[in-house]
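S.K.: Shown below is the structure under consideration.
The values are calculated or read from the model by the stated rules, or taken from the named source; none is laboratory data. Computed from a predicted structure; not experimentally measured. Here the Cβ positions follow ideal geometry from the backbone for every residue, glycine too, while neighbour counts run over all protein chains shown. We work out accessible area using only protein heavy atoms, side chains counted, and drop any ligands, DNA or RNA first. Shrake-Rupley method; radii C 1.70, N 1.55, O 1.52, S 1.80 Å.
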Amino acid sequence: PKTPTAGKDKVYYHASDIQQLAHEPLLKEFRDFKAAMVKVRKSVGRKDIDRARSRYEEAPQYDVHHLVKERYPTFDAALADLDDALCTIALFATLPAAGRVSPEHTSESKKVLKWWQQYVAHSHSL
């Protein structure tokens with residue numbers, strides 16, 4: 001609408017933004033993953049645990065490499081936002097290894113954070 005209606009619970013997007021997002025390849029991968037998870041839930045509902053487990057393992061995996069390359073086209077651009085990445089790694093390193101955060105992610109984050117601290121100490125960067 002030309003003038004937004006009253007209320008802070010509504011979000012309006014430009015039509016051009018929606019069109020651009022509609023062509024994002026990651027959306028297709030999300031849809032494929034969601035369809036696979038529906039099949040897993042149906043198998044679990046039918047008490048066919050073996051089939052559900054195999055469907056879960058065969059579910060499509062998605063990657064965000066193209067988004068990273070789009071966000072950071074050059075190495076200098078990546079270095080400019082290095083503090084954000086380090087904050088995220090520090091966050092994952094302090095999270096408990098339970099729920100959606102696997103122990104492997106937590107231990108890998110701790111390892112990367114330790115490597116970064118050793119590099120800073122060795123290079124006298126601070």
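S.K.: I'm checking my understanding of the structure. Among residues of region 54-78 that are at pLDDT 85 or above and of a type in the set (A, V, I, L, M, F, W, C), which one is nearest to Leu27 (Cα to Cα)?
M.R.: Taking the candidates together, the pick is Ala59.
S.K.: So, one more: How about region 52-62: which of its residues are open to solvent by 70 Å² or more (accessible area, probe 1.4 Å), more than 28 Å from His23 (Cβ to Cβ) and in contact with a helix residue (DSSP H, G or I) (Cβ under 6 Å, 6 or more places away or on another chain)? Even if it seems obvious, please write down each step before you answer.
M.R.: Keep residues of region 52-62 that are open to solvent by 70 Å² or more (accessible area, probe 1.4 Å), which gives 53, 56-58, 61-62.
Applying the additional criterion that residues be more than 28 Å from His23 (Cβ to Cβ) yields 53, 56-57.
Within region 52-62, just Tyr56 meets the criteria.
S.K.: Just to be sure I understand, how many residues within region 34-51 are over 29 Å from Glu24 (Cα atoms) and either in a helix (DSSP H, G or I) or open to solvent by 100 Å² or more (accessible area, probe 1.4 Å) (or both)? Can you show your working first?
M.R.: Restricting attention to region 34-51, the residues satisfying the condition of being over 29 Å from Glu24 (Cα atoms) are 43-51.
Add one more test, that the residue is either in a helix (DSSP H, G or I) or open to solvent by 100 Å² or more (accessible area, probe 1.4 Å) (or both), and what stays is 43-47, 49-51.
Looking only at that region, the number is 8.
S.K.: OK, next. Note down all Cβ pairs under 6 Å where the first residue falls in region 73-88 and is free of Cβ contacts under 8 Å to residues at least 40 places away in the same chain and farther than 18 Å from Lys114 by Cβ, the second is part of a loop (DSSP other than H, G, I, E, B) and charged (D, E, K, R), and they're at least six residues apart or on different chains.
M.R.: Within 6 Å, no pair qualifies.
S.K.: I'm trying to understand the selection: among the residues of region 63-105, which are part of a helix (DSSP H, G or I), open to solvent by 80 Å² or more (accessible area, probe 1.4 Å) and in contact with a helix residue (DSSP H, G or I) (Cβ under 9 Å, 6 or more places away or on another chain)? First the steps, then the outcome.
M.R.: At the first step, the residues of region 63-105 found to be part of a helix (DSSP H, G or I) are 65-71, 75-80, 82-94, 103-105.
Those left that are additionally open to solvent by 80 Å² or more (accessible area, probe 1.4 Å): 65, 69-71, 75-76, 79, 83-84, 87, 91, 94, 104-105.
Within region 63-105, Arg71, Leu91, Thr94, His105 qualify.
S.K.: Among the candidates Gln20, Gln117, Gln61, which residue alone is among the polar types (S, T, N, Q) and under 17 Å from the mean Cα position of the chain (by Cα)? Spell out the reasoning first.
M.R.: Values: Gln20 fails: under 17 Å from the mean Cα position of the chain (by Cα); Gln117 fails: under 17 Å from the mean Cα position of the chain (by Cα).
Exactly one of Gln20, Gln117, Gln61 is among the polar types (S, T, N, Q) and under 17 Å from the mean Cα position of the chain (by Cα), namely Gln61.
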